[in-house]
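Here is the structure we will look at.
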Amino acid sequence: YGAAGNGNNIASPIVIADGAKAWVTFEGANHIESGVDSTILSAGIAITASSSIIFTAKSTGMVDVVGFRCSAAIGGWHDTKSGMITINGGTISATSTSNLGYAAIGGGHFSGNDGGWCPGIVINGGNITAKGVHIGIGNWYGTSPNDASGPYLNNFAQTNSLVLINGGTLDVENGAGV
């Protein structure tokens, strides 16, 4: 399913549509990966701004999610706001790849439009590994890693968002952590 975007070539394998609230329970081993073509700007699981995703506590399996080029593995893609993300259980590995991949879970790249952030990430349980080039979990706000006005890694005052960790285990690799 390809998400409508801001004129960029966007093709996320899973898109939570505008206004939807998705409860996801997974069993066994699962792998979700966005396109790896250099023109594709896609999250592994794209969550549109007015939608949300809840990974349920009933999840007994593992999901490995990979986002590519300016996109989160789970959350936003290039210049697009993400919706709310809640993790209650399961084993989740989220990886944002390449030097243009941003938060593993949360916001995608922001380059001057109205995107690059996620309103909130709540972790109540589960085993989460987040591998982001610039940020493990959170937001990217700035035009590039070398932008003089940023980047504002996890600048929640700027983006009016939160990360709340109530439980579970979290392993953040690379980037700015949480």
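The values are calculated or read from the model by the stated rules, or taken from the named source; none is laboratory data. Because the structure is a prediction, the values reported are computed rather than measured. Virtual Cβ from ideal backbone geometry, glycine too; neighbours counted across all protein chains shown. Side chains included, ligands, DNA and RNA excluded: accessible areas come from the protein's heavy atoms. Shrake-Rupley method; radii C 1.70, N 1.55, O 1.52, S 1.80 Å.
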* Being in a loop (DSSP other than H, G, I, E, B) and modelled with pLDDT of 85 or more narrows it down to one of Gly101, Gly108, Gly89, so name that one. => Gly89
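Filtering the stretch 14-29 down to residues that are among the hydrophobic types (A, V, I, L, M, F, W, C) and assigned to a loop (DSSP other than H, G, I, E, B), which residue is farthest from Phe55 (Cα to Cα)? First the steps, then the outcome.
Kept after step one, since they are among the hydrophobic types (A, V, I, L, M, F, W, C), are these residues of the stretch 14-29: 14-17, 20, 22-24, 26, 29.
Filter again for assigned to a loop (DSSP other than H, G, I, E, B), leaving 17, 20, 26.
Working: Ala17: 16, Ala20: 14, Phe26: 8 Å.
Step by step, filter the stretch 14-29, then rank; the result is Ala17.
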* **Qualifying position, being modelled with pLDDT of 85 or more, in contact with a Ser or Thr (Cβ under 9 Å, 6 or more places away or on another chain) and open to solvent by less than 30 Å² (accessible area, probe 1.4 Å), among Thr48, Thr25** => Thr48
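Of all residues in the stretch 73-88 being open to solvent by less than 10 Å² (accessible area, probe 1.4 Å) and in contact (Cβ under 8 Å) with a residue 60 or more places away in the chain, which is nearest to Gly132 (Cα to Cα)? Show your work before the answer.
Initially, the stretch 73-88 is screened for residues open to solvent by less than 10 Å² (accessible area, probe 1.4 Å), giving 73-77, 82-83, 85, 87.
Filter again for in contact (Cβ under 8 Å) with a residue 60 or more places away in the chain, leaving 77, 83, 87.
On the way: Trp77: 14, Gly83: 19, Ile87: 18 Å.
Applying the filter and picking the extreme gives Trp77.
Take the residues in the stretch 51-63 that are closer than 18 Å to Cys118 by Cα and among the β-branched types (Val, Ile, Thr); name whichever of them is least open to solvent (accessible area, probe 1.4 Å). Before you say what the answer is, go through the steps one by one.
Of the residues in the stretch 51-63, the ones closer than 18 Å to Cys118 by Cα are 51-55.
Going one step further and asking which of them are among the β-branched types (Val, Ile, Thr), we end up with 53-54.
Values: Ile53: 2, Ile54: 26 Å².
Out of the qualifying residues, it is Ile53.
Give the residue that is modelled with the highest pLDDT, with candidates limited to residues of the stretch 111-132 that are in contact with a strand residue (DSSP E or B) (Cβ under 6 Å, 6 or more places away or on another chain) and in a loop (DSSP other than H, G, I, E, B). Reasoning before the result, please.
Residues of the stretch 111-132 that are in contact with a strand residue (DSSP E or B) (Cβ under 6 Å, 6 or more places away or on another chain), as a first pass: 118-123, 126-132.
If we keep only those that are in a loop (DSSP other than H, G, I, E, B) as well, we get 118-119, 126, 132.
Details: Cys118: 80, Pro119: 82, Gly126: 96, Gly132: 74.
Looking at residues that are in contact with a strand residue (DSSP E or B) (Cβ under 6 Å, 6 or more places away or on another chain) and in a loop (DSSP other than H, G, I, E, B), I get Gly126.
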* Asked: Does Val66 satisfy being part of a strand (DSSP E or B), β-branched (Val, Ile, Thr), modelled with pLDDT of 75 or more and buried (at least 20 other Cβ atoms within 10 Å of the Cβ)?
  -> yes
